[in-house]
Amino acid sequence: MSKRKPDSDERMVQLMLPLSSLPSQRLQSGSLRTFEAVKDGLNRSLKDCGLSREIIAEEISRLTGHDITVHQINNWAAPSKEDRPTPLHFLAAITEITGSPALAEAALDGTGYKLLTPEEVVFYEIGKDEVEKRRKAKARKALWEKVSK
């Protein structure tokens with residue numbers, strides 16, 4: 001046993017937050033179980049892209065630097081392989097290769113987060129800019145009202 005005292009600062013205290021204050025508490029238990037949806041999303045992406053799984057495996061390997069085999073992709077896509085989920089660090093490569101956001105959409109399902117395609121980003125930016133213009137116009141109008149009083 002060591003007689004050395006811990007290096008911790010006794011003035012520091014860890015505050016415990018009640019679970020009810022966590023943002024995730026608004027969701028029902030199990031509502032983010034996306035296992036089946038992710039497998040379906042992956043299968044949709046693979047089927048709709050028109051590429052063979054061999055080509056997809058080679059391209060994932062090229063883009064990520066990880067050696068991926070067609071067998072791994074088959075395991076990720078097989079509904080019965082619950083012990084073989086799709087690794088998140090391959091999401092970008094799979095989305096880019098297949099051109100389908102189905103896998104990412106399935107993974108985020110239930111969270112309220114949405115994906116934008118590259119084509120939709122410009123509309124998002126225009127809308128964001130328009131909201132900012134309206135906010136500034138409203139603030140400017142309020143300032144002019146103060147000046148004219």
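Conditions tested, residue by residue: (1) within 21 Å of GLY110 (Cα to Cα); (2) of a type in the set (Asp, Glu); (3) in contact with a His (Cβ under 8 Å, 6 or more places away or on another chain).
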site: GLU36; (1), (2), (3): yes, yes, no
site: LEU46; (1), (2), (3): no, no, no
site: LEU51; (1), (2), (3): no, no, no
site: THR64; (1), (2), (3): no, no, yes
site: VAL70; (1), (2), (3): no, no, no
Residues of the stretch 62-76 satisfying the condition of being of a type outside the set (S, T, N, Q), assigned to a loop (DSSP other than H, G, I, E, B) and in contact with a helix residue (DSSP H, G or I) (Cβ under 8 Å, 6 or more places away or on another chain): HIS66, ASP67, ILE68
Filter result (free of Cβ contacts under 8 Å to residues at least 60 places away in the same chain and within 19 Å of LEU88 (Cβ to Cβ)) within the stretch 40-61: ASN43, ARG44, SER45, LEU46, ILE56, ALA57, GLU59, ILE60, SER61
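Quick check on the stretch 70-129: of everything there that is among the β-branched types (Val, Ile, Thr) and surrounded by fewer than 16 Cβ atoms within 10 Å (Cβ to Cβ), which residue is nearest to the chain's Cα centre (by Cα)?
Top of the filtered list is THR111.
Filter the stretch 29-61 for residues that are part of a loop (DSSP other than H, G, I, E, B) and over 19 Å from the mean Cα position of the chain (by Cα) and give the result.
Selection gives SER29, GLY50, LEU51, SER52.
None of the figures in this text is laboratory data; all of them are computed from the coordinates on show. These figures come from a predicted structure and were not determined experimentally. All Cβ positions, even for glycine, are placed from backbone atoms using ideal geometry, and neighbour counts span all protein chains on display.
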